[in-house]
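The values are calculated or read from the model by the stated rules, or taken from the named source; none is laboratory data. Note that the coordinates shown come from a computational prediction; the quantities given were computed from them, not determined experimentally. Please note: Cβ atoms are built from the backbone with ideal geometry, for glycine as well, and neighbour counts cover all protein chains shown. The protein model used for the area step is the full one, side chains on, heavy atoms only, and it has no ligands, DNA or RNA in it. Shrake-Rupley method; radii C 1.70, N 1.55, O 1.52, S 1.80 Å.
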Amino acid sequence: MELDIDVDETLDKTRDFLEKDLGELASLADRDVTSLSSPQLSFSCSHGGTKQADDILIDHWSADIALTAIHAAVHHIPNEEHERDIFIQCYFMHRTDKEMIDRFVISRSSLRRRKNRALVEFARRLDVQKNNPNHNCDWLESLVVK
């Protein structure tokens with residue numbers, strides 16, 4: 001792991017984001033988190049509720065843009081030891097450790113190492129993607145802790 005970041009804090013912050021905030025962003029964007037597992041992210045828009053139409057569109061657009069950056073970050077994680085696949089299976093498809101151990105034919109400790117590498121790589125790549133002018137979501141908090 002890299003020495004220029006606090007790996008443990010970055011891992012905690014990234015896990016927290018994926019377990020709590022990602023679902024809320026997906027809901028605001030009228031998406032299911034599993035849609036992020038696809039190599040291509042499709043766009044759809046449906047709204048309801050009691051908010052003003054302009055507020056709903058702003059929330060939807062902001063969340064959709066954030067999900068686009070998240071999707072790009074995930075799909076740029078190197079996959080040399082299935083880190084990207086493991087990340088997607090764990091955080092988007094909600095597979096259990098046992099299911100992934102069986103699927104990738106690896107030990108529990110190998111799975112943990114690969115998940116941690118993928119989490120740190122995701123945090124780093126999300127920082128790049130959120131500042132990409134195509135995504136325009138620099139309002140997302142950095143998951144990398146220095």
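Length gained on full extension, TRP61 to ASN136: 25.9 nm, using 0.36 nm per residue less the C-alpha separation.
Packing order of peptides 34-41, 122-129, highest average first: 122-129, 34-41 (average count of other Cβ atoms within 10 Å over each peptide's residues). With the helix formula -39500 (n - 2.57) applied to DSSP H stretches of n ≥ 4, the chain reaches a computed 222 nm mean residue ellipticity of -16000 deg cm²/dmol. Stretching the chain fully between GLU80 and LEU41 yields a gain of 11.8 nm (0.36 nm per residue, less the alpha carbon separation). Put ARG108, ARG103 in order of accessible area, highest first, and with a 1.4 Å probe you get ARG103, ARG108.
Here the contact order of the chain, divided by its residue count and restricted to Cα pairs under 8 Å and six or more residues apart, works out to 33 percent. In units of the compact-protein estimate 2.2 N^0.38 Å, the chain shows a Cα radius of gyration of 1.08. Given their separation in residues at 0.36 nm each and the Cα-Cα distance between them, ASP6 and ASP102 gain 31.5 nm when the chain is fully extended.
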